């Protein structure tokens, strides 16, 4: 068969009535679940005699588990199907009708055709979209043969309802999870995961395939339903401000080992949502950014302080923070510099990449950001933690990142996976301020550098 | 507070000794009985909890709890209840049946305390289970459910191997809090650069380069109060700071309130205990 590189076939056999010449016709498909090649040699089932013809009313295979519904066979969509997918169609009667043919009716938008038609094996090509492909056996002595619906199925967490991973990191401890959602805590403490599914083609409903989906949360085995119950996560009721419940959801098809999609679920506190909204609204005035000193475009040689020792004022602190790509607040930045405190109590941070010397990162999640409160202000309502760091953590959580600040929040416990709307909002209020740059070895323009010890 | 120099087996994983020590170190002086005497006391001596001037008898759903564990739980809950100024009773729509009929025919949880914002002061581990009550006539009983007592048992069990350092930290915390919570002492300390700097522990970053940074924080500290914490506020970590690399450091995250703003509370910055001293912990934040 053309698609010999594919997983080979198991049997799914259809006997259909095709009039005088056809007493029986077998159609066998690749295993809808594993695509393995074993032909199980099915036997006719559920047949009844009707005069000279044998009526066959059921699609069957020897392995009855693979018979889902009469006249329908499901197979998970695979992009490799465009190259061809083998369908085994076998005429079991002799002599074989001379004008027997297969008719394929693909779904709208698909150019799929039958390739290499035969009475034993048929190969379809360009199965390029999920949909219902109708395969019909005909001959001149029958107006219409039995039709088999080959349902090329795609099941996934709906990209329009969940966030796609757009951040990767070498230290990621769940790299296989490419999607996440943030869900506000609800007193029912239940989340119906099927609400986040997208099933293609749309003609197929969740109930059509429910029996073949396996849900697992945090590798705790098969769930009995699609409901994620988060009531027993927590001995303390709902998550408090800045706290989350997070889960890893695996969706499998056919059997538990065949994971077809994965999702990180973050349940966040209602207080987090309102606090972040209030913070965002309260921080519209950015005039304080004008106090921040120019940034250095690069670090000094060997990634040292680029600011000469004799600069007066000394705008930037002498210590270079070696982030090493492992301080996940700044994702994969390699170095950081902090300014001295400005007269208004603000601060500036600049982050650098792993070049030698490090080059400033001007945008994105790894860039250094403006600090409304200088990092040295650790106590009180206007501390750096309260006005700069906590809102960042809230934004991360609202974007679906499964991250809480630890007791000593020097670093995040894991890298972020999604840079979304909330983090963008955060950066609009605490932007990387890198437009005005000074080269290493020069002092900041004293007209603009007004930090003070 | 009594002297906590009991002998106990470090390798022996002796949770009872640990509990005894914590209780003994923690309880006020009039509770400072020798461990052996505590052992012999009746399980049925009544515990009470004082909440906003109300003294409420405690009932334990797990009646097999030792006297020592009962005292520990009661004392710890008393610490976190000490700052509640007022509360209301909320009657449950459906009383929750307890596993056993307790003393005084306490059979159900019928009410719970409504503490409002004060509840946020409570460690997450006990927040949901704190404040369950049974009201029988005019008498209110404070119910410590089995779930709540098990939370304590798990915590003690998890920290069994670090009991020595944890005990040392806990026993000396009150003295440190007595210092940093007193504006008059802070005003004195701030005049001395060395004493001022000794209040801070730098975790994951270098010391501040300007003394003014210390001064500004001490000034802010005068407006704040670190509350004496529950045992759940304690955690251990191997220090990664420049000052104590590799040392076991006890971190404590007490609730911080404001002397001027009744709505303010915080849990940052935490405190750090290293080499026998408590500090205000400065983390290298982004």
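The values are calculated or read from the model by the stated rules, or taken from the named source; none is laboratory data. No experiment lies behind these values; they were computed from the predicted model shown. Neighbour counts are summed over all protein chains in view; Cβ atoms, including those assigned to glycine, are modelled from backbone coordinates with ideal geometry.
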What number goes with the only condition from (1) touching a helix residue (DSSP H, G or I) at 6+ places or on another chain (Cβ under 8 Å); (2) surrounded by fewer than 22 Cβ atoms within 10 Å (Cβ to Cβ) that residue A:249 does not pass? (2)
Yes or no: region B:188-211 includes at least one residue that is in contact with a strand residue (DSSP E or B) (Cβ under 7 Å, 6 or more places away or on another chain), more than 30 Å from residue B:65 (Cα to Cα), modelled with pLDDT of 90 or more and at the interface with chain A (Cβ under 9 Å from one of its Cβ atoms). yes
Would you be able to tell me the number of residues in region A:353-365 that are within 14 Å of chain B (Cβ to nearest Cβ) and in contact with a strand residue (DSSP E or B) (Cβ under 6 Å, 6 or more places away or on another chain)? 1
When region B:177-193 is examined, which residues are found to be surrounded by 17 or more Cβ atoms within 10 Å (Cβ to Cβ) and farther than 14 Å from residue B:224 by Cβ? B:189, B:190
Residue within region A:296-313 that is modelled with pLDDT of 90 or more, within 14 Å of chain B (Cβ to nearest Cβ), under 30 Å from residue B:180 (Cα atoms) and in a loop (DSSP other than H, G, I, E, B) present: no
Quick test of your reading of the structure: residue A:389 fulfils all but one of (1) surrounded by fewer than 19 Cβ atoms within 10 Å (Cβ to Cβ); (2) within 14 Å of chain B (Cβ to nearest Cβ). Name the failing condition by number. (1)
Checked against (1) in contact with a helix residue (DSSP H, G or I) (Cβ under 8 Å, 6 or more places away or on another chain); (2) more than 24 Å from residue B:72 (Cα to Cα); (3) within 12 Å of another protein chain (Cβ to nearest Cβ), residue B:226 satisfies every condition except (2)
Would region A:438-453 turn up any residue that is away from every other protein chain (no Cβ under 13 Å), surrounded by fewer than 19 Cβ atoms within 10 Å (Cβ to Cβ), farther than 30 Å from residue A:177 by Cβ and free of Cβ contacts under 8 Å to residues at least 12 places away in the same chain? yes
Elements of type strands (runs of 3 or more DSSP E) contained in region A:71-141, each with 2 or more residues being modelled with pLDDT of 75 or more: A:72-76, A:101-105, A:113-115, A:121-125, A:131-138
Which condition number in (1) more than 13 Å from chain B (Cβ to nearest Cβ); (2) surrounded by fewer than 24 Cβ atoms within 10 Å (Cβ to Cβ); (3) closer than 16 Å to residue A:433 by Cα; (4) out of contact with any helix residue (DSSP H, G or I) (no Cβ under 7 Å at 6 or more places or on another chain) is the one that residue A:346 fails? (4)
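Do we find that residue B:39 is touching a strand residue (DSSP E or B) at 6+ places or on another chain (Cβ under 8 Å), over 23 Å from residue B:232 (Cβ atoms) and modelled with pLDDT under 85 in this structure?
In short, no.
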Say whether the condition of being crowded, with 19+ Cβ neighbours inside 10 Å and in contact with a strand residue (DSSP E or B) (Cβ under 7 Å, 6 or more places away or on another chain) is met by at least one residue in region A:302-313. yes
(1) touching a helix residue (DSSP H, G or I) at 6+ places or on another chain (Cβ under 8 Å); (2) more than 13 Å from every other protein chain (Cβ to nearest Cβ); (3) surrounded by 14 or more Cβ atoms within 10 Å (Cβ to Cβ): which one isn't true of residue B:247, the others all being true? (1)
Across region A:329-343, which residue is nearest to the chain's Cα centre (by Cα) among those that are more than 9 Å from chain B (Cβ to nearest Cβ) and touching a residue at least 40 places away in the same chain (Cβ under 8 Å)? A:331
Report, by residue number, each residue of region B:56-87 that is assigned to a helix (DSSP H, G or I) and closer than 19 Å to residue B:127 by Cβ. B:72, B:73, B:74, B:75, B:76, B:77, B:78, B:79, B:80, B:81
If I ask for residues that are assigned to a loop (DSSP other than H, G, I, E, B), in contact (Cβ under 8 Å) with a residue 24 or more places away in the chain and within 14 Å of chain B (Cβ to nearest Cβ), which ones from region A:182-240 would you list? A:185, A:187, A:189, A:230, A:238, A:239, A:240
